[in-house]
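The next block holds one structure in the form of structure tokens; read it before the comments.
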Amino acid sequence: MNHPLCIAGPCSAESLEQLRATASQLREISFDYFRAGVWKPRTRPGMFEGHGEKALPWLNEIQHEFGYKVATEVASTQHVELALKAGIDAFWIGARSVTNPFTVQEIAESLKGVDIPIFIKNPVNPDLKLWIGAVERIENATSATIHAIHRGFSVYEKLRYRNDPNWQIALDFKIERPDLKLICDPSHMGGSREYLFELSQIAMDLHFDGLHVEVHHEPSVAWTDAEQQVNGIQLQQLLSAIRFKDRNDNTTEQILELRQEIDILDEKVLSILMERMKIAQKIGLIKSSQNSTIYQAKRWVDLKKRNIENANKLGLSEEIVVQLLKLIHQEAIRIQASYAQEGDSNEITAGKFS
Ligand code: PEP
Ligand code: MN
């Protein structure tokens, strides 16, 4: 495959010295943009929110001293104006901004006539249309090259990763917008450097076009996202450990046959699911006639525990089993709740689930 597009650099621009130290660790590595957040979107107040405008000349120093192209996050008209004036080479729009169409529209308007590359992260919530909508708002305003960055979606309960990869959304994005490069950000997705390799490898196996990795010369003292940053040597190790596969479609007969087996199994899974929902319906009927509550926490706790034990015995990932059970359980509750509202006039039919 061609060289994947690579963005590397610290989460935040902390000082000129820190940017220099990090930049010099990247000298031997081939990458496209040196990133550093100047305006940092923090979930709660009272934390380091970036040095703002003051840090822009530091990025200029990096441009001149190292010859790197630099990128930073913009989240408002003012950021765009200041970063353009400073000659920043590329911008990214962060996940929190992409969640809000007003913000994206405002940024889009301030980008009129600008043609530097714009990277658009997925929104924090798993909404493909919102992500594509952000791309459209930017492309309606500029002729800039747009790339997308998949960084995963917020979760209430962290299982393994900081943000749920939900790879399907990224794949659907590629189907809708095959013309755009899609980059994976395993740093924000995993939330920990220990997951960088596995996430990057999955992304490459799924034919992503590049990687966005947070790099700090000394990650343990980073002011933001310390857990997930790596130093230059670790980035080099990561990039050499990843297997970059042939992108040509080498679907063989054997793969086709195996896919058929999967299709058959998927059908079975769906019909078993239907059987399960029918039982949930029967329980709903009984509960509604007894006037008892639908959600019984103890039942859920027991069910989850038993299935996690089974998953472990089978060698299935606990994460996928819990996610699946949650979805199924939620649907069972929905069905039972519809009984509570409609009484026992419901029929047990497949139509109920549509
Ligand atoms: C970032 O890249 O610095 C950042 C804040 O990421 P995200 O918008 O993905 O949370
Ligand atoms: Mn970060």
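The values are calculated or read from the model by the stated rules, or taken from the named source; none is laboratory data. Small disclaimer: the values here were computed from a predicted structure and weren't measured. Counting neighbours? That spans all protein chains shown, and the Cβs are built from the backbone with ideal geometry, glycine included. The accessibility values were calculated without ligands, DNA or RNA, using every heavy atom of the protein model including side chains. Shrake-Rupley method; radii C 1.70, N 1.55, O 1.52, S 1.80 Å.
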*Hits in the stretch 288-304 (condition: open to solvent by 50 Å² or more (accessible area, probe 1.4 Å) and of a type in the set (Phe, Trp, Tyr))*: TYR295
*Quick one: would you say ALA83 is closer than 24 Å to LEU211 by Cβ, more than 13 Å from ligand 1 (Cβ to nearest atom) and surrounded by 22 or more Cβ atoms within 10 Å (Cβ to Cβ)?*
yes
*Would you mind telling me which numbered condition in (1) without any contact (Cβ under 8 Å) to a residue 12 or more places away in the chain; (2) crowded, with 18+ Cβ neighbours inside 10 Å; (3) among the hydrophobic types (A, V, I, L, M, F, W, C) ILE107 fails?*
(1)
*Within the stretch 13-53, restricting attention to residues that are closer than 20 Å to THR77 by Cα and not in a loop (DSSP other than H, G, I, E, B), which residue is farthest from ligand 1 (Cβ to nearest atom)?*
GLU53
*Tell me which of these TRP131 doesn't satisfy, since it passes every other one: (1) closer than 29 Å to ALA222 by Cα; (2) open to solvent by less than 10 Å² (accessible area, probe 1.4 Å).*
(1)
*Identify the single condition in (1) more than 16 Å from ligand 1 (Cβ to nearest atom); (2) out of contact with any Leu (no Cβ under 8 Å at 6 or more places or on another chain) that ASP209 does not satisfy, given that it satisfies every other one.*
(2)
*Considering the stretch 164-192 alone, what residues qualify as being within 16 Å of ligand 2 (Cβ to nearest atom) and free of Cβ contacts under 8 Å to residues at least 40 places away in the same chain?*
CYS184, PRO186, MET189, GLY190, GLY191, SER192
*Residue match in the stretch 5-20 (condition: open to solvent by 50 Å² or more (accessible area, probe 1.4 Å) and modelled with pLDDT of 95 or more)*: yes
*What about LYS245, is it more than 16 Å from ligand 2 (Cβ to nearest atom) and under 17 Å from ILE120 (Cα atoms)?*
no
_Lone unmet requirement of (1) open to solvent by 90 Å² or more (accessible area, probe 1.4 Å); (2) in a helix (DSSP H, G or I); (3) modelled with pLDDT of 85 or more for ALA280_ = (1)
*When the stretch 157-175 is examined, which residues are found to be aliphatic (A, V, I, L, M) and either in a helix (DSSP H, G or I) or surrounded by 14 or more Cβ atoms within 10 Å (Cβ to Cβ) (or both)?*
ILE169, ALA170, LEU171, ILE175
_Anything in the stretch 212-235 that is under 13 Å from PRO186 (Cβ atoms) and more than 16 Å from ligand 1 (Cβ to nearest atom)? List them, or say none._
GLN234
*Mind checking which pairs have a first residue in the stretch 285-306 that is over 16 Å from ARG334 (Cα atoms) and a second that is surrounded by 10 or more Cβ atoms within 10 Å (Cβ to Cβ), Cβ under 8 Å, 6 or more apart or different chains?*
SER289/ASP344; LEU303/LEU325; LEU303/HIS329; LYS304/VAL322; LYS304/LEU325
_Restricting to the stretch 194-221, name every residue that is touching a Pro at 6+ places or on another chain (Cβ under 8 Å), within 16 Å of ligand 2 (Cβ to nearest atom) and among the aliphatic types (A, V, I, L, M)._
LEU196, LEU199, LEU211, VAL213, VAL215
*Residue list for the stretch 30-55, filter: within 18 Å of GLU218 (Cα to Cα), open to solvent by less than 20 Å² (accessible area, probe 1.4 Å) and hydrophobic (A, V, I, L, M, F, W, C)*: PHE34, ALA36
*Do we find that LYS112 is assigned to a helix (DSSP H, G or I) and either touching a strand residue (DSSP E or B) at 6+ places or on another chain (Cβ under 8 Å) or modelled with pLDDT of 95 or more (or both) in this structure?*
no
*Check whether at least one residue in the stretch 70-77 is touching an Asp or Glu at 6+ places or on another chain (Cβ under 8 Å), open to solvent by 30 Å² or more (accessible area, probe 1.4 Å) and at pLDDT below 95, and report yes or no.*
no
